[in-house]
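This report concerns only the one structure given below.
No lab work stands behind these numbers, since they all come straight from the coordinates. What you see is a predicted model, and the numbers here were worked out from it, not measured in a lab. Here the Cβ is made from the backbone with ideal geometry for all residues, glycine too, and neighbour counts use every protein chain on show.
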C-alpha cells in the first residue's frame, strides 16, 4: 500500500509545519503515485487554504516521512 504524504506549513506562519497524508494508503503502483501526487497536492491545498504544501512524496504506508 502506497500513500502520498506531504509537509504542509501554515500560510500565515511558514515555519509552523507538519506532515499530512494527502491520500490514504491505496493499492497503486509507485509510478501511479508519482503521476498523481501533484494533482492530489493541489486538491488538498484547495480544501485547506490556510495551509501550503511545501513538499510531497510517495511512500509505503506507515513509514515515517524522512526516515
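For each of 23, 39, count neighbouring Cβ atoms within 10 Å of the residue's Cβ, then give the residues from fewest to most.
39, 23
Which translational diffusion coefficient, to the nearest whole µm²/s, is obtained for the chain from the Stokes-Einstein equation, given a Kirkwood hydrodynamic radius over C-alpha pairs, 37 °C and 0.692 mPa s?
Estimated diffusion coefficient is 273 µm²/s.
Mind sorting 35, 52 by how few other Cβ atoms lie within 10 Å of their own Cβ, fewest first?
35, 52
Per residue of the chain, what 222 nm ellipticity follows from adding -39500 (n - 2.57) for every DSSP H run with n ≥ 4, rounded to the nearest 500?
-9000 deg cm²/dmol
Explain nothing, just the number: relative contact order of the chain, from Cα pairs under 8 Å at least 6 residues apart, as a whole percent.
With pairs under 8 Å counted, the relative contact order is 46 percent.
Any idea what angle helix 30-47 forms with the longest principal axis of the chain, computed on alpha-carbon atoms, 0 to 90 degrees, nearest 10?
For helix 30-47, the angle is close to 30 degrees.
Can you give the FRET efficiency for residue 60 and residue 7, using 1/(1 + (r/R0)^6), R0 = 22 Å, r = Cβ-Cβ distance, to the nearest 0.05?
Once rounded, the FRET efficiency stands at 0.80.
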